[in-house]
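Data first, discussion second: the structure below is written as structure tokens.
The values are calculated or read from the model by the stated rules, or taken from the named source; none is laboratory data. Everything numeric here is computed off the predicted structure, so don't read it as measured data. FYI the Cβ positions are ideal-geometry reconstructions off the backbone, even for glycines, and counts take in every protein chain you see.
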Amino acid sequence: MAEDPKDTPELLPLRERLAAVVQTARAHAQDVDAEGRFPAEAVGALKRHRLLAPEPAPGGGLWTAPQIVAVAHALGQACASTGMIWAMHQGQIQAVARQPKTATAVQDFLDTAWETQPLVASLMSEVGAASPRESRAHCREDPDGDGAVTIDKNVSVSSYLQQADAGLLVARRSAEDAVTEQAVVLVLRKELTIAQWRDWQALGMRGTGSGGGRVRARTHRDRILEESFSEVSARVIMPLSNLGWAACWLGIAESAFVVAQDAFRRQQGRTAPDVLTAKTMRLGRASDTIDELTEQIHFLAEQYEQARGEASDALVRRSNALRLTAAARANDSVLDSFQVIGVDAYREPSASKWSLSRQIRDVLSARVMISEDRIRLGSGQLAQLPRTSGLQDALG
């Protein structure tokens, strides 16, 4: 479990707090990757600088979508595992904070979040279920009738659960509910028992600890969120997660591009003209890709804020499209940077200061986070609904 905030520094502006965390994340990124360990130093810094839960304020004090994008992007440049953990966490804690109505137990969690800065994991996927909407887990009432429930679930993937302070678990309210009627339950880490855990041994994103196993939650019905999983997923979890993930992947691409820029400057005086021309074109293409993704992410983040948290089929489609585009284009940009550098990018960091080993392995994860075919199927189903073109808005 991640450490509690201690010796919290005097609260600085968001930009300065983020810069301090980025410095810590960058300093430990290589070690986190090499050892495949949780980025404890960076997450500890996120807690100390109060960047896991936003400050209480009139109207909820929520992170805005552009702020989520900005933080995930900066962290992704420094340490992709830290950036991805932060983005996944925001999808969860925002789902709790943006509820239209909360029970006392859930509100108590939110009221203390600013002080405790809890790290919230996802317990939504399930072995044998194509998506959380098909989870077979359900709440079992304890015999004494005081509202206590037990939930057993075989989780296929849950990132950083071992270090989390809480998690969101998807299950039916009872065994009698239809499989499609899924609820979201806020579970504290101390209420979870974990067994048969499968460790995370992966090509990249090694610090996220994305293992899986059997969990048993002993909690209370008061911690079931007001909205169903389908509602809160469409309105909060998927749009904000897609934005955060895309920004993190963009950060990886920019990290690779900066290395490629440095290598390119050193190569100019000792590279054949035809080879230099090809490298120049690839460097330009990598830069153009980053610019395009930046604009797309910023545009959707602003759209989400303008919608004021209201779900719409159009926003879900655009969010899914951004997730697919960012996954592909971030990979393209990193590979262009890789080819600008050449063989030095292929070497490990211990052998080359221009190594892109970590960036390549980390960005490849974008293509396997949630089935792309399933996302395309969902978008295809939404695409059957009537739609209008925003290009006509200027006509009044």
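Quick notes
- When Phe38 is tested against the conditions (1) at pLDDT 95 or above; (2) surrounded by fewer than 21 Cβ atoms within 10 Å (Cβ to Cβ); (3) within 17 Å of Gly207 (Cβ to Cβ), the lone failure is (2).
Yes/no per residue for (1) free of Cβ contacts under 8 Å to residues at least 24 places away in the same chain; (2) out of contact with any His (no Cβ under 9 Å at 6 or more places or on another chain); (3) assigned by TED's automatic domain parsing to the domain that holds Arg189:
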position	(1), (2), (3)
Ala217	no, yes, yes
Asn242	no, yes, no
Thr280	yes, yes, no
Leu283	no, yes, no
Ser287	no, yes, no
Leu300	no, yes, no
Gln306	yes, yes, no
Glu310	no, yes, no
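Residues checked against (1) under 27 Å from the mean Cα position of the chain (by Cα); (2) of a type in the set (Asp, Glu):
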| site | (1), (2) |
| --- | --- |
| Ala247 | yes, no |
| Leu283 | no, no |
| Phe299 | yes, no |
| Asp332 | yes, yes |
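- Exclusive hit being within 20 Å of the chain's Cα centre (by Cα) and touching a residue at least 12 places away in the same chain (Cβ under 8 Å), set Gly91, Gly128: Gly91
- Restricting attention to the stretch 280-306, the residues that are among the hydrophobic types (A, V, I, L, M, F, W, C) and farther than 20 Å from Ile341 by Cβ add up to 5.
- Of the residues in the stretch 74-84, not one is touching a helix residue (DSSP H, G or I) at 6+ places or on another chain (Cβ under 6 Å) and either on the phi > 0 side of the Ramachandran plot or surrounded by fewer than 19 Cβ atoms within 10 Å (Cβ to Cβ) (or both).
- Total residues in the stretch 261-309 satisfying the condition of being of a type in the set (Lys, Arg) and under 30 Å from Ala95 (Cα atoms): the figure is 1.
- Where Thr271 falls short, out of the listed (1) in contact (Cβ under 8 Å) with a residue 12 or more places away in the chain; (2) touching a Lys or Arg at 6+ places or on another chain (Cβ under 8 Å): (1)
- Residues of the stretch 97-126 that turn out to be among the β-branched types (Val, Ile, Thr) and modelled with pLDDT of 90 or more, as a count: 4
- Listed by position, the strands (runs of 3 or more DSSP E) contained in the stretch 145-204 that have at least 1 residues being farther than 14 Å from Pro132 by Cα and assigned by TED's automatic domain parsing to the domain that holds Ala97 form an empty set.
- Scanning the stretch 183-223 for residues that are more than 24 Å from Phe38 (Cβ to Cβ) and surrounded by fewer than 20 Cβ atoms within 10 Å (Cβ to Cβ) yields Arg218, His220, Arg221, Asp222.
- The single condition among (1) modelled with pLDDT of 95 or more; (2) surrounded by fewer than 16 Cβ atoms within 10 Å (Cβ to Cβ); (3) charged (D, E, K, R) that Glu310 does not satisfy is (1).
- Residue ID - surrounded by the fewest Cβ atoms within 10 Å (Cβ to Cβ), chosen from residues in the stretch 247-280 that are of a type in the set (A, V, I, L, M) and farther than 25 Å from Asp362 by Cβ: Ala272
- Test for Val179: is it surrounded by fewer than 23 Cβ atoms within 10 Å (Cβ to Cβ), touching a strand residue (DSSP E or B) at 6+ places or on another chain (Cβ under 9 Å) and more than 27 Å from Arg367 (Cα to Cα): yes
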